[in-house]
Amino acid sequence: MQNFIYSAIAGALCIGSSRESSLVGKCSRSRLKVEESHLDSAPVNFFKRTISWVATTLFFAARFSLGEAAPAQSPSPVPQKLDVDTIFSIPLDQRRQLLSALTPDEREKFAEQFRTLPAAGPSNAKINAFFMAWSTIDTTKAIESAKKFPTADTRRVAVEAICYGATREAAKTIAQSIKEFHGALLPAEQKERLLGVAIAKWSQADPAAAAQFLAEVYPDAAKRLAKPKAGDGDLLTTTNTVAANWGAAAPLAALDWFQKKQQPENLVAVRAVILGWWRKDAKAAATYVSAHARTPNEREVAGFMSGAMAEQDPRIAAQWVEWIKEERLRRRTRLGIAEVWALREPEAAGAWSKGLARKEGEEAIGVVASVWAFKNSAATEKWIGSFQGKARDSAIRGYATTIARTNQELALNWVITMQDREARTRLTKVIAAEWMKRNPDESKIWIKKSKLSDAEKKQLLENRSIDAD
């Protein structure tokens, strides 16, 4: 069974592509299409954030790793000379051939024509086409020429084209150059973004050196990234990409660096290292995580691993979490798996949750019912009918929580059939109170006709607390 799981993980994470455009499309489609599930569970929300993080990391790692790859071009005759107005219509390989045939002085004179173009979208396309080609021929000269553009926006366009057009080996030079840009050349926000692009690409050739450079540029990176809802979008993306690339190349060295040589521990990077390792060697990564779940941070990484698996294949994730001995961590990961799985295959998720033991099974059943109700309320009601006792109460609770947002009467009709009087009373109070705010007349009619006790009816009508004695 373990071999099956590891093989499936490896297959699920195979995202290689020969073309950047194809890869970006695949990565975009691989993002989980999260539908509104109406769940307020903290463990599930954590799981959703994990999945979103995984999808973003995979996307940018792929984007930066293949940034120098040229899109497929239709064959066309090589023109006799380059022209500013038509350069963007020439395939990238041919542009590079034509520029290579020029002397350094001729290339610089040609660049002067781009600096006099009017500020507009078409001009940016021409600048991009020129510097994408120049970046692989003489990276240093291309950067120096880009700095001469008259506006910050055109400088940004030129430098960005160099970042994406250059080889991975040249990215080190680009990163070192951008680091020295003063404020008059590029706004701080643009500088940080483009520096991140260069460092991320550099990490494809030498991730250890790129990580060291990143730490020198941002010595407080771990603290910044540890802040709740930290607004470090570019730093986060760069860190994730560098760490994932290092994880794929030398995971143990990368883990040692981010865990021991950065103070405090850069947990964001550690998670990315595991993800990169997993993409390269799923079995080894899974074995490592399974053996390292003693500390709170290690357990968080294990939970993250489960989220990554669920995003690819919930069945694999459901089997993998069986090794987790700590009840709280296992419960949290299973609840997340239940939601992801129910979004895709509610029947399969329902069958899995039904087979879980006791409280964990009851909680997972509630999550599945909540998500399934959003997708198909009739099918959910039929599924609820297959349960008895606490499991049925959990399914009703999940179902009613979702349905109550659009049909309070239907939700309450199900809630009052719950066997657990305390849970029934509490949920009835919540739904009825909300209904009375929206439509007091209809809610009062239902309350008076319902099978609730006289005391419960009175308390609801008077908008008082219902005591479950």
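The values are calculated or read from the model by the stated rules, or taken from the named source; none is laboratory data. Keep in mind it's a predicted model, so treat the numbers as computed, not measured. Neighbour counts run over all protein chains shown; Cβ positions are idealised from the backbone, glycine included. Each accessible area value is taken on the protein alone, full model and side chains, heavy atoms only, with ligands, DNA and RNA left out. Shrake-Rupley method; radii C 1.70, N 1.55, O 1.52, S 1.80 Å.
What Kirkwood radius, in Å to one decimal, follows from the Cα pairs of the stretch 316-463?
Numbers: mean 1/r = 0.0626 Å⁻¹.
When all Cα pairs of the stretch 316-463 are included, the Kirkwood radius is 16.0 Å.
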Taking R0 as 25 Å, what FRET efficiency do you get between Ala226 and Leu252 from their Cβ-Cβ distance, rounded to the nearest 0.05? 0.60
Roughly how many Å² is the accessible area per residue of the stretch 206-274, as a whole number, for a 1.4 Å probe? 42
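How large, in percent, is the carbon and sulfur part of the accessible surface of the stretch 180-319 at a probe radius of 1.4 Å?
Numbers: 2930 of 5570 Å².
Ligands and nucleic acids excluded, carbon and sulfur give 53 percent.
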Proximal aspartates and glutamates relative to Lys325, as straight alpha-carbon distance under 18 Å, when same-chain residues fewer than 8 apart are discounted: Glu298, Glu300, Glu360, Glu363
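Would you work out the charge dipole size for the stretch 173-287 about its Cα centre, treating the Cβ of every Lys and Arg as +1 and the Cβ of every Asp and Glu as -1, and quote it to the nearest 20 debye?
Details: 14 positive and 11 negative charges, 65 e Å.
In total the dipole reaches around 320 debye.
So for the stretch 91-204, what percent of the C-alpha to C-alpha distances run longer than 25 Å? Walk me through the intermediate numbers first.
Values: 937 of 6441 pairs.
I get 15 percent for the Cα pairs in the stretch 91-204 exceeding 25 Å.
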Chain lengthening between Glu422 and Lys283 when straightened (0.36 nm per residue, less Cα-Cα): 45.4 nm
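Quote the FRET efficiency, to the nearest 0.05, computed for Lys141 versus Thr295 with a Förster distance R0 of 60 Å and r equal to the Cβ-Cβ distance. Before the final figure, lay out each step's value.
Values: r = 50 Å, r/R0 = 0.84.
So the FRET efficiency works out to roughly 0.75.
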GluC sites (Glu not before Pro), restricted to the stretch 268-347: which are DSSP loop and have at most 16 other Cβ atoms within 10 Å? Glu326
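Rank by packing, highest mean first: peptides 146-154, 280-288, with packing defined as the count of other Cβ atoms within 10 Å averaged across residues. List each step's numbers first, then the result.
Details: 146-154: 15.8, 280-288: 18.4.
With the highest mean Cβ count within 10 Å placed first, the list reads 280-288, 146-154.
Give the residue list of trypsin sites (Lys or Arg not before Pro) in the stretch 165-249 that are DSSP loop and have at most 14 other beta-carbon atoms within 10 angstrom. Before the final figure, lay out each step's value.
On the way: sites: Arg168, Lys172, Lys179, Lys191, Arg193, Lys201, Lys223, Arg224, Lys229; in loops: Arg168, Lys229.
Counting only loop positions with at most 14 other Cβ atoms within 10 Å, the trypsin sites (Lys or Arg not before Pro) in the stretch 165-249 are Lys229.
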Give me the number: length gained by fully extending Glu345 to Glu327, i.e. 0.36 nm times residue separation minus the C-alpha to C-alpha distance, one decimal in nm. 3.9 nm
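Order of 371-382, 106-117 by packing, highest average Cβ count within 10 Å first? Walk me through the numbers before you get to the answer.
Working: 371-382: 18.8, 106-117: 15.6.
Result, highest mean Cβ count within 10 Å first: 371-382, 106-117.
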Gln113-Asn439 pseudo-label distance in nm [points 7 Å out on the Cα-to-Cβ vector]: 7.1
Quantify, in whole percent, the carbon and sulfur part of the accessible surface of the stretch 326-469 (1.4 Å probe; protein heavy atoms only). 46
I need the phi-derived Karplus couplings for the stretch 380-396: 6.51 cos²θ - 1.76 cosθ + 1.60, θ = phi - 60°, integer Hz, Gly and Pro marked x. 5, 4, 5, 5, 4, x, 8, 10, 9, x, 5, 5, 5, 4, 5, 5, 5
Counting only Cα, what are the radius of gyration and maximum Cα-Cα distance Dmax of the stretch 283-374, in Å? 12.7, 39
Solvent-accessible area per residue for the stretch 374-467 (1.4 angstrom probe, square angstrom): 57
